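See structure below.
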Amino acid sequence: MTLSLSLAEARRLALAAQGFGRTPRGAIAHKQLQAQIERLGVLQIDSVNALVRSHYLPAFSRLGHYQAEHLDELAWGRVRRRRLFEYWGHEASLLPLELYPLLRWRMRRAADGQGIYSQLAKFGVERRDAIDSVLQAVRERGALGAGSLSSRTEKAGPWWDWSAEKMALEWLFAAGLVTVAGRRGFERLYDLPERVIPADMLNHPDLDEDEAQRRLLLRSADALGVATERDLRDYYRLDVSDSKRRIAELVEAGELLPVAVQGWRQVAYCRGEPRIPRRVRHSALLSPFDSLIWERERTERLFGFRYRLEIYTPQAKRVYGYYVLPFLHHERLLARVDLRSERATGRLAVHAVHLEDAVLSEEARLALSDSLRALAHWLGLDEVWLAPSVSLRGLLG
């Protein structure tokens with residue numbers, strides 16, 4: 001028999017799997033932060049810094065106030081203390097180190113020109129001279145950024161107008177021949193994997209592609225709670241053909257259970273018999289790149305919330321704003337909040353608040369107000385400022 005879930009049950013299962021509703025008391029230590037990231041299995045990295053770099057937000061949304069420096073240490077600190085590495089997980093990502101062996105197949109494919117941008121694949125074939133030269137420079141000089149290697153003399157053009165050295169580093173990174181040793185500002189510093197990745201992960205026996213993909217899909221299922229094939233595939237950006245075959249194998253082995261979710265056209269899957277919370281009580285502002293909502297079609301299915309990024313939309317055509325964070329209150333997405341960190345003036349600027357319903361309950365209004373104040377405090381900003389256009393009466397009391 002196929003298990004059946006109501007939409008409310010599926011929503012609670014997804015929220016619990018993502019770590020909502022378990023806000024710890026007291027100061028957040030490295031151990032709690034690491035456990036939360038391992039639960040998620042991936043943090044998407046994005047360059048936009050209108051509020052804060054996106055990879056810092058998911059832990060704050062779930063745990064509350066933590067030291068961002070602790071995440072830096074887990075990702076780019078001393079090698080013995082690192083627990084994360086950078087690679088292509090869900091886009092550019094920070095990933096738990098135990099996933100390194102599960103992504104070697106992706107590195108091998110990249111080296112063969114598969115699963116990477118066509119321009120980069122072409123570069124890998126035609127510019128072995130540049131690739132070999134850059135790899136030798138990294139081998140001899142240690143952690144290097146693309147800027148310190150560039151030989152171009154002309155002015156760079158728009159985005160993706162990369163120098164040959166930058167292209168070589170990106171190809172080497174995709175192929176697993178270099179990895180990210182640290183960051184200078186937001187610039188990646190690349191080094192050899194043997195100088196960055198712990199030996200037990202680097203020398204882990206190779207897994208065949210099928211087994212690695214099955215394990216990634218099980219990690220996706222753990223992190224999502226209940227998910228369609230597309231949801232599971234998207235979490236670590238697997239190919240459709242690979243995903244469908246591996247899921248069929250996992251169902252046959254009894255490691256994934258088919259589930260019918262109310263209102264979903266596609267069959268969904270759970271990792272074993274689900275334990276559904278009676279309720280999830282949690283309020284949080286969510287990064288646009290939070291793993292709860294990054295698959296937009298899933299967000300619509302779960303929450304009835306149509307969400308699109310407008311960062312690259314011309315200002316005159318934006319509906320909600322430049323950097324809009326959905327507001328989660330208990331089990332619903334109730335509002336969209338356009339936020340900016342104005343560091344020079346020490347304030348968190350609320351440019352707009354758009355409600356899903358006509359009004360917020362008093363409880364939800366207070367929760368949103370508390371969330372804004374907590375975010376400002378975490379970011380080291382002195383106040384929350386509301387733009388004159390924000391018409392939500394009494395938002396900050």
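The values are calculated or read from the model by the stated rules, or taken from the named source; none is laboratory data. The model shown is predicted, which means the values in this text are computed figures rather than measured ones. Reconstructed Cβ throughout: ideal geometry from the backbone, glycine too, with neighbour counts over all protein chains shown. Just the protein is used for accessible areas: all its heavy atoms, side chains included, with ligands, DNA and RNA removed. Shrake-Rupley method; radii C 1.70, N 1.55, O 1.52, S 1.80 Å.
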Every listed condition ((1) open to solvent by 50 Å² or more (accessible area, probe 1.4 Å); (2) assigned to a helix (DSSP H, G or I); (3) not β-branched (Val, Ile, Thr)) holds for residue 88 save (2)
For segment 242-267, which positions are β-branched (Val, Ile, Thr) and either free of Cβ contacts under 8 Å to residues at least 40 places away in the same chain or within 15 Å of residue 302 (Cβ to Cβ) (or both)? 247, 251, 259, 261
Return a yes/no flag: does segment 63-81 have any residue that is in contact with a His (Cβ under 9 Å, 6 or more places away or on another chain), of a type in the set (A, V, I, L, M), modelled with pLDDT of 95 or more and surrounded by fewer than 21 Cβ atoms within 10 Å (Cβ to Cβ). yes
Inter-residue pairs, beta-carbon under 8 Å, first over 15 Å from residue 290 (Cβ atoms) and touching a residue at least 12 places away in the same chain (Cβ under 8 Å) and in segment 16-27, second in a helix (DSSP H, G or I) and among the polar types (S, T, N, Q), 6+ apart: 24/32
Which of the residues that make up segment 7-33 are surrounded by fewer than 16 Cβ atoms within 10 Å (Cβ to Cβ) and within 16 Å of residue 330 (Cβ to Cβ)? 7, 8, 22, 23
From the list 286, 216, which one is open to solvent by less than 10 Å² (accessible area, probe 1.4 Å) and out of contact with any Phe, Trp or Tyr (no Cβ under 6 Å at 6 or more places or on another chain)? 286
When you check residue 147 against the structure, is it crowded, with 17+ Cβ neighbours inside 10 Å and either small (Gly, Ala, Ser) or assigned to a loop (DSSP other than H, G, I, E, B) (or both), yes or no? no
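Considering every residue within segment 295-305, establish whether at least one is part of a loop (DSSP other than H, G, I, E, B), in contact with an Asp or Glu (Cβ under 8 Å, 6 or more places away or on another chain) and modelled with pLDDT of 95 or more.
Within segment 295-305, the first condition is being part of a loop (DSSP other than H, G, I, E, B), and the residues that meet it are 295, 304-305.
Still in the running and in contact with an Asp or Glu (Cβ under 8 Å, 6 or more places away or on another chain): 295, 305.
Adding the requirement that they be modelled with pLDDT of 95 or more leaves 295, 305.
Yes - at least one qualifying residue is present in segment 295-305.
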